[in-house]
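One structure is given below, encoded as structure tokens.
The values are calculated or read from the model by the stated rules, or taken from the named source; none is laboratory data. Please read these numbers as outputs of a predicted model, since none were measured by experiment. Neighbour counts are summed over all protein chains in view; Cβ atoms, including those assigned to glycine, are modelled from backbone coordinates with ideal geometry. The accessibility values were calculated without ligands, DNA or RNA, using every heavy atom of the protein model including side chains. Shrake-Rupley method; radii C 1.70, N 1.55, O 1.52, S 1.80 Å.
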Amino acid sequence: MAGVSGYGLEPEFADKVSQLLDACAKHGLTFKISQGVRSPQTQADYYCCWAQRTPEDIDKVAQKLKRAGAPWLASLLAERRTIPRRKDWLTSAMPGDGWHQWGRAADCYCYRDGKMVGDGSDACYKFYAETAKSLGLTPGLFFSHPDAGHVQLSCKASASTQYTWPYIEEVMKDRFGDKPQVALPAGISDAKLLHWPMKITSASIATKVVGNGFYKDDPQLISARLTPSAALVTSGVTGTLKALADVYNRVGGLLEIFGNRLGTDPVAALAVWYVESGGRSFMPGRPILRFENHVLFDNWGKNHAAEFDLHFKFGTRNGVPGKRYENHEFRVGDSGPFQKLHDGRQGTEYAALGLAQSLSGAEAGCLSASWGGAQIMGFNYDVCGFASAEQMVSAFSADERWQVLAFADFCRDKGLIEKIKTESWNDFGAIYNGNGPVYGPKIKAAFNLKANLEKLPRIPTAAAISTALPLPTFLFPHAAELETVAPQ
């Protein structure tokens, strides 16, 4: 049957989607799943970014949700009321109200001669929709606002027609609230995950990379425990030491496996992670981001200079002082004051990214930013084993596992493993960041806290562990690149 694992779909729905894609294949149509579960945070982004939905409109909806007993979901809208707008309509579903948040909806698209069929009126989508109906699913093609690739389990328009808002709030906050791990899809409990995946020791892992040569495609690394078997206790711990411990508690299991495999100290990777991420935690759907105006200029702006200069500034261009990577500013409109980009807030970085993608396209925007805890530039997607920057960002958005694996692939490609082994931090920083004298001492200072880190008490992680979701289909070796399609 067609593989749909890794998209967070409920088991019953996943089985039917597999049957649907298989039926299409037998009819000579190639359909691929593009998106399954979607966090309410991302749903709020889609809801708020439509140009015809004003901040005042969003405020009214947020107040309605708050009065209905969903203050957390209301806060997601309030946080995004002024994000960059786009002309295209994406959704009318409020966060928590769409079936994507429940793992009961999926977006699948037809591919012909390797290209996605973008015309929703094409006969392939009619067959897809009619087959979905025959399987008891509800296709989006027949919605009042047709969505040819969408299919869902329920015939009800939204979750709020089936559940109360307090219940929706409770479920969404439990699954997608302020947690440093990917939310579990419905139907999978912590109890079921205690013995899944199978425990894999460093000795049982193959000694060489398999498949097409990338760590991210190694099945044993994919299924290995992301978190350590015992977490560090951080009660009363502050500053850099706490940040290092927090990173270890999220991804230390996999870092230790790489340490054993490569002969490197896992604390070295923790130190890099801390310096690059600024100690920020991972949020599903919103990996840590730093947008780079000068890289966008190289990828797109040099051929659209007038449009670029209306919205972006950086050092050395148009009289702006400093180096290219300094003094970055942006503005959403064509006039008015520019605002500082790197102000320490992720919301500002994402606002610049959204603006860039609205002008240059999704891929150019992804190419022009550094992503994840290890802050890998989007243009390095190929050395990390991805088919595009968009694909890499999609993986980084799903789970920190793919960020760790990409970090290992990047370090191997750039010859950085030996720098880590010999603790040559200035040399490491020069290659990794382009500025060894600045970044080297920062990494060294974090690494020098190793002894303090090892003194912290540990507790078994048991039900509190963070276990990776099944592998997204597009990350399997030799998988074809999936185009990013705006979901409904």
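From the set of residues in the stretch 75-84 that are open to solvent by 30 Å² or more (accessible area, probe 1.4 Å) and assigned to a helix (DSSP H, G or I), which is farthest from Ala51 (Cα to Cα)?
Step one: filter the stretch 75-84 for residues open to solvent by 30 Å² or more (accessible area, probe 1.4 Å), giving 75, 78-79, 81-83.
Checking the rest, the ones that are also assigned to a helix (DSSP H, G or I) come to 75, 78-79.
Working: Ser75: 20, Ala78: 16, Glu79: 17 Å.
Looking at the filtered set, the residue picked out is Ser75.
Filter the stretch 389-406 for residues that are in contact with a helix residue (DSSP H, G or I) (Cβ under 6 Å, 6 or more places away or on another chain) and of a type in the set (Gly, Ala, Ser) and give the result.
Correct list: Ala389, Ala395, Ala406.
Scan (1) buried (at least 24 other Cβ atoms within 10 Å of the Cβ); (2) on the phi > 0 side of the Ramachandran plot; (3) of a type in the set (Asp, Glu) for the single condition Glu423 breaks and write down its number.
Evaluating Glu423 over (1) buried (at least 24 other Cβ atoms within 10 Å of the Cβ); (2) on the phi > 0 side of the Ramachandran plot; (3) of a type in the set (Asp, Glu) leaves (1) as the failure.
Name the helices (runs of 4 or more DSSP H) wholly inside the stretch 360-429 in which the number of residues that are within 18 Å of the chain's Cα centre (by Cα) is 3 or more.
Working: elements: 362-367, 389-398, 400-413, 417-421.
So the answer is 362-367, 389-398, 400-413.
If you check Ser397, Ser388, which single one turns out to be in contact with a Pro (Cβ under 8 Å, 6 or more places away or on another chain) and of a type in the set (Ser, Thr, Tyr)?
On the way: Ser388 fails: in contact with a Pro (Cβ under 8 Å, 6 or more places away or on another chain).
None of the other options fit; the residue is Ser397.
Pick out the one residue from Glu400, Glu390, Glu329 that is open to solvent by 10 Å² or more (accessible area, probe 1.4 Å), touching a residue at least 60 places away in the same chain (Cβ under 8 Å) and among the acidic types (Asp, Glu). Quick ask: steps written out before the conclusion?
Details: Glu400 fails: open to solvent by 10 Å² or more (accessible area, probe 1.4 Å); Glu329 fails: touching a residue at least 60 places away in the same chain (Cβ under 8 Å).
Being open to solvent by 10 Å² or more (accessible area, probe 1.4 Å), touching a residue at least 60 places away in the same chain (Cβ under 8 Å) and among the acidic types (Asp, Glu) holds for just one of Glu400, Glu390, Glu329, which is Glu390.
Specify the residue that is nearest to Lys442 (Cα to Cα); the eligible residues are those in the stretch 214-231 that are aliphatic (A, V, I, L, M) and open to solvent by 10 Å² or more (accessible area, probe 1.4 Å).
Going residue by residue through the stretch 214-231, those that are aliphatic (A, V, I, L, M) are 221-222, 224, 226, 230-231.
Next cut, open to solvent by 10 Å² or more (accessible area, probe 1.4 Å) only: 222, 230-231.
Numbers: Ile222: 30, Ala230: 27, Ala231: 25 Å.
Among them, the one singled out is Ala231.
Would you pick out the residues in the stretch 211-247 that are of a type in the set (A, V, I, L, M) and either assigned to a loop (DSSP other than H, G, I, E, B) or without any contact (Cβ under 8 Å) to a residue 60 or more places away in the chain (or both)? Step through it out loud before you land on a result.
Just the residues of the stretch 211-247 that are of a type in the set (A, V, I, L, M), to begin with: 221-222, 224, 226, 230-233, 237, 241, 243-245, 247.
Within the stretch 211-247, Ala224, Leu226, Val233, Val237, Ala243 meet the criteria.
For Gly385, all conditions in the list (1) surrounded by fewer than 17 Cβ atoms within 10 Å (Cβ to Cβ); (2) in contact (Cβ under 8 Å) with a residue 60 or more places away in the chain; (3) touching a helix residue (DSSP H, G or I) at 6+ places or on another chain (Cβ under 7 Å) hold save one; what is the number of the exception?
Only one criterion in (1) surrounded by fewer than 17 Cβ atoms within 10 Å (Cβ to Cβ); (2) in contact (Cβ under 8 Å) with a residue 60 or more places away in the chain; (3) touching a helix residue (DSSP H, G or I) at 6+ places or on another chain (Cβ under 7 Å) is unmet by Gly385, namely (1).
Results for (1) in contact with a Lys or Arg (Cβ under 9 Å, 6 or more places away or on another chain); (2) assigned to a strand (DSSP E or B); (3) modelled with pLDDT of 90 or more, shown as yes or no for each residue.
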residue: Pro95; (1), (2), (3): no, no, yes
residue: His100; (1), (2), (3): yes, no, yes
residue: Ser121; (1), (2), (3): no, no, no
residue: Tyr128; (1), (2), (3): no, no, yes
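Can you find, within the stretch 119-142, the residue that is farthest from Arg38 (Cα to Cα) among those that are open to solvent by 40 Å² or more (accessible area, probe 1.4 Å) and touching a residue at least 60 places away in the same chain (Cβ under 8 Å)?
It comes out as Phe127.
Restricting attention to the stretch 49-74, report how many residues are surrounded by fewer than 16 Cβ atoms within 10 Å (Cβ to Cβ), within 20 Å of Gly354 (Cα to Cα) and without any contact (Cβ under 8 Å) to a residue 24 or more places away in the chain.
Counting residues in the stretch 49-74 that are surrounded by fewer than 16 Cβ atoms within 10 Å (Cβ to Cβ), within 20 Å of Gly354 (Cα to Cα) and without any contact (Cβ under 8 Å) to a residue 24 or more places away in the chain gives 1.
Being in contact with a helix residue (DSSP H, G or I) (Cβ under 8 Å, 6 or more places away or on another chain), of a type outside the set (S, T, N, Q) and assigned to a loop (DSSP other than H, G, I, E, B) is the filter here, so list the residues in the stretch 317-347 that pass it.
Arg317, Arg324, Tyr325, His328, Arg331, Val332, Asp334, Leu341, His342
Okay, residues lined up against (1) buried (at least 18 other Cβ atoms within 10 Å of the Cβ); (2) at pLDDT below 90; (3) out of contact with any Leu (no Cβ under 7 Å at 6 or more places or on another chain):
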site	(1), (2), (3)
Met1	no, yes, yes
Tyr7	yes, yes, yes
Val17	yes, no, no
Leu21	yes, no, yes
Cys24	yes, no, yes
Phe31	yes, no, no
Gly36	yes, yes, no
Gln41	yes, yes, no
Tyr46	yes, yes, no
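Tell me which residues, restricted to the stretch 46-73, are farther than 16 Å from Ile168 by Cα and outside any helix (DSSP H, G or I).
Cys49, Trp50, Ala51, Gln52, Arg53, Thr54 - these are the residues of the stretch 46-73 that are farther than 16 Å from Ile168 by Cα and outside any helix (DSSP H, G or I).
Write out, first by first residue and then by second, each pair whose Cβ atoms fall under 6 Å of each other, whose residues are 6+ apart or on separate chains, and whose first residue, in the stretch 255-268, is within 13 Å of Leu221 (Cα to Cα) and touching a residue at least 12 places away in the same chain (Cβ under 8 Å) while the second is open to solvent by less than 40 Å² (accessible area, probe 1.4 Å) and part of a loop (DSSP other than H, G, I, E, B).
The qualifying pairs are Ile257/Ala224.
Can we say Gly373 is modelled with pLDDT of 85 or more, in contact with a Gly (Cβ under 9 Å, 6 or more places away or on another chain), surrounded by 21 or more Cβ atoms within 10 Å (Cβ to Cβ) and under 25 Å from Leu262 (Cβ atoms)? Break it down into steps so the answer makes sense when it comes.
Numbers: modelled with pLDDT of 85 or more: yes; in contact with a Gly (Cβ under 9 Å, 6 or more places away or on another chain): no; surrounded by 21 or more Cβ atoms within 10 Å (Cβ to Cβ): yes; under 25 Å from Leu262 (Cβ atoms): yes.
Judged against the criteria, Gly373 is not a match.
Let's see how each residue does on (1) small (Gly, Ala, Ser); (2) in contact (Cβ under 8 Å) with a residue 40 or more places away in the chain; (3) over 30 Å from Val251 (Cα atoms):
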position: Val275; (1), (2), (3): no, yes, no
position: Met283; (1), (2), (3): no, yes, no
position: Glu292; (1), (2), (3): no, yes, no
position: Asn299; (1), (2), (3): no, yes, yes
position: Asn303; (1), (2), (3): no, no, yes
position: Ala306; (1), (2), (3): yes, no, yes
position: Phe314; (1), (2), (3): no, no, yes
position: Asn318; (1), (2), (3): no, no, yes
position: Lys323; (1), (2), (3): no, no, yes
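Check off (1) of a type outside the set (Lys, Arg); (2) open to solvent by 30 Å² or more (accessible area, probe 1.4 Å); (3) under 20 Å from the mean Cα position of the chain (by Cα) for Trp102 and give me the number that stays unchecked.
Result: Trp102 passes all but (2).
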